[in-house]
Amino acid sequence: MKRRPRRAAPAPPPAGTARAKPAALPSARRRYVFRAVVLALPWLLLLAAELLLRALGVGAAMDFVLRQQVDGEPRLLSNPRFSWLFFEPALARAPSPFSLAERKPAGAVRVFVLGSSAAQGDPEPAFGLARVLEVLLADRYPGVELEVVNAAATAVNSHYVYQAARGCLGLEPDLLVVYAGNNEVVGPFGAGTVLSAQAPPLPLVRAQVAVQRTRTGQLAGRTVRAAARALGRGTSPGVWHGMEMFLDRQVARDDPRLARTYHNYERNLVDLCRIARGAGVPVLLSTVAVNLRSCGPFGSARLGALSAASRSRWDSAYAEARQLEAAGRWQDAALRLREAVALDAGHAESVYRLGRCELRLGRLEDARRHLGLARDLDTLRFRADSRTNAIVREVARREGTMLVDAEQALAAQSPDGLPGEETFLDHVHLTFDGNYRLAAALLDPVSLALPQPVRARASGRNIPSAEEVAHRLVYTDLDRYRIAETMQQRLRDPPFTNQPDHPEQVKRFDDELLALREGGGAAVEAAVTQYQAALRSGGAHWSLRERYAIIQKRVGNAALAADQWRILTRVLPQYPGFWLQLSRALRDSGRFGEARDALEKVLEYQPDAAVTLAELARLELAQGRTEPAREAASRAVAADPRDANALELLAATVCPRRECGPEERSRAVGLLRRALEAAPESEVIRRDLDALQGGERR
């Protein structure tokens, strides 16, 4: 084996030459400092960017409450932008406003009601759960200062409720009441939502919410959304159009995203209970009641993997069953429906129709089972289902949290144990009597959670009747009319029009409106008198003044309505809805400069919203400024091409006072036709369209 030649030793340096020293290595301390700087630098840059954006006024505070001076007193005000943590601003639903003293008065009680629109009291929160519960508590504990705060909001779910609960814990609460579960699938981050990513892992949801609180995150989100829309890749609807936005987001019972949604719901409830317990605040969880008796499913899954022969048999059985059902032959219809269900047990509507036939035949156990199953099979999941309520019960048991089983309580008070139209206006939103029964079910558990000095002051009186509560809340025939009118309008749109019992639902509110119209002007006068008396008595809830302003505007007293809206904007200055109504009333009073000032408050909140831009267009048009009005109306139509108000206004600017050339007239007619498609009930649009078309013919 060859040996490798030895390497020659380096020659020694010449005499008198200094030996070079090796480069000194950085000390351990310097290395740690360098690494710390490298790690901290991105965060320092983000902090600097955040501070700069705040200084420049970019973005907005998204805390649960705003601390603000009102009439020289520091107050805690509900933040209408809090929901922007979960929605794009154009889609966000502002929660009901509230105003609290910065420090809770000694001996006072604060109860927060958390949940979505059913807890909020939609369509009229003035008669919702929080208001009814406050009346019942005030009767039980006379002399105690009570604040039952409506902290619920439309279209939200447990992701919102968890974050809202965290905000409530800093406001000296005595109790949190949680009535939430209807929107778990369709609400933000649910399996069937159009509002956000669908059923992501919970850590990602909370990270996104945390980022959205920062101005940097808000700017980044706005930039990404704008870029996505510019590239035609935006997935959000961009404009709120109610439940019909979710028509193509149907979720079958075996969809794996549904399991993640249930998991997130459970974790949100558990974490809510634990953070409240850590803060020493009791929580009252409630199951969620829904309409089973008179609410067919909104969507049904397509037939499963059936053979051609089985599909033909299903089609035949189902079609014949519907004919028999329409003829009132319940026994024969039930037989054919059982055949259909045996072939495809997952079709929600056939299961619902079977349950309805069984109910009419007096087979109550079978009816309850099938109507409950139809709810669970509904693929447009706007209702809390059996799994949702099972999670509430399990979390309450495991966490040692108080529980009210509202689902069972309301069923026990319903005909045949099936809640229906005596309790619900639609699928989940409660009638006045429904809110009363729910509040009554909560009353004793809420009382048990209150401080001992408060409980010691109990009056011992029997619970007030629903009629007494209605009187104290000034619930008039006019309010009943407005609620029925709202429901009638909602029922015109999908997915209500897809329900098997849609004709019966429409007839219900048509009949109610017809009966209430018989009161005519006398009913309006009676309501106004009641409102005025309650306002004179002092201490009236803000919602009473709001209703008084609405009716004054409706009967033509715009100046008086403006006075009421101005009071509301003074005591609840954060709420954009009041500023919008004030602007409208001032415009109708001819006070255009003041109207513009009020509208600026709304433009600060949502500068690109169709409703805001349409109001700006109407204000400009009222002053004869056609070009600015056309610009604002065009922007409103661009923001929402289905906004009837914006389309009507744009038509008015295209053909002012119906004096224009054939081309402009034709364009205005097209706009009004689109407006009438969006709002077929509008007599104003129909009249304008007829007038313009008459001009075309001439």
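Things to note:
- The stretch 196-211 - residue that is part of a loop (DSSP other than H, G, I, E, B) and not hydroxyl-bearing (Ser, Thr, Tyr) and, of those, nearest to Arg225 (Cα to Cα): Ala197
- Of note, Val351 does not satisfy the criterion of being more than 26 Å from Ser316 (Cβ to Cβ), part of a helix (DSSP H, G or I), of a type in the set (Val, Ile, Thr) and within 34 Å of the chain's Cα centre (by Cα).
- Residues in the stretch 174-195 include none that are buried (at least 16 other Cβ atoms within 10 Å of the Cβ), assigned to a loop (DSSP other than H, G, I, E, B) and in contact with a Cys (Cβ under 7 Å, 6 or more places away or on another chain).
- Candidate set from the stretch 635-679 (those that are part of a helix (DSSP H, G or I) and of a type in the set (Asp, Glu)); member that is surrounded by the fewest Cβ atoms within 10 Å (Cβ to Cβ): Glu663
- The lone criterion from (1) in a helix (DSSP H, G or I); (2) surrounded by fewer than 19 Cβ atoms within 10 Å (Cβ to Cβ); (3) free of Cβ contacts under 8 Å to residues at least 60 places away in the same chain left unmet by Ala333 is number (2).
- The one condition from (1) farther than 23 Å from Val454 by Cα; (2) outside any loop (DSSP other than H, G, I, E, B) that Val148 does not meet is (1).
- Residues (in contact with a helix residue (DSSP H, G or I) (Cβ under 7 Å, 6 or more places away or on another chain) and part of a helix (DSSP H, G or I)) located in the stretch 38-59: Leu46, Ala49, Glu50, Leu53, Arg54
- Looking across the stretch 152-173 at every residue that is in a loop (DSSP other than H, G, I, E, B), in contact (Cβ under 8 Å) with a residue 60 or more places away in the chain and among the small types (Gly, Ala, Ser), the one that is surrounded by the fewest Cβ atoms within 10 Å (Cβ to Cβ) is identified as Ala155.
- Among residues of the stretch 366-410, those that are outside any helix (DSSP H, G or I) and of a type in the set (D, E, K, R), counted: 5
Residues are listed down the side, and each one gets a yes or a no for (1) assigned by TED's automatic domain parsing to the domain that holds Thr154; (2) surrounded by fewer than 16 Cβ atoms within 10 Å (Cβ to Cβ):
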| site | (1), (2) |
| --- | --- |
| Trp43 | no, yes |
| Ala48 | no, yes |
| Val58 | no, yes |
| Leu77 | no, no |
| Phe87 | no, no |
| Val111 | yes, no |
| Phe127 | yes, no |
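- Selected residue [at pLDDT 95 or above and more than 21 Å from Leu544 (Cα to Cα)] from Leu137, Leu114: Leu114
- Among the residues of the stretch 258-274, those identified as surrounded by fewer than 16 Cβ atoms within 10 Å (Cβ to Cβ) and touching a residue at least 60 places away in the same chain (Cβ under 8 Å) are His263, Arg274.
- Selection from the stretch 212-255 of residues that are part of a loop (DSSP other than H, G, I, E, B), free of Cβ contacts under 8 Å to residues at least 12 places away in the same chain and not acidic (Asp, Glu): Leu231, Gly232, Arg233, Gly234
- Subset of the stretch 113-125 that is surrounded by fewer than 24 Cβ atoms within 10 Å (Cβ to Cβ) and in a helix (DSSP H, G or I) - its residue that is nearest to the chain's Cα centre (by Cα): Ser117
- If you go through the stretch 411-436 and keep only what is part of a helix (DSSP H, G or I) and surrounded by fewer than 23 Cβ atoms within 10 Å (Cβ to Cβ), you end up with Ala411, Ala412, Pro415, Asp416, Gly417, Phe432, Asp433.
The values are calculated or read from the model by the stated rules, or taken from the named source; none is laboratory data. Only a predicted model underlies this, so the values are computations on that prediction, with no experimental measurement involved. Please note: Cβ atoms are built from the backbone with ideal geometry, for glycine as well, and neighbour counts cover all protein chains shown.
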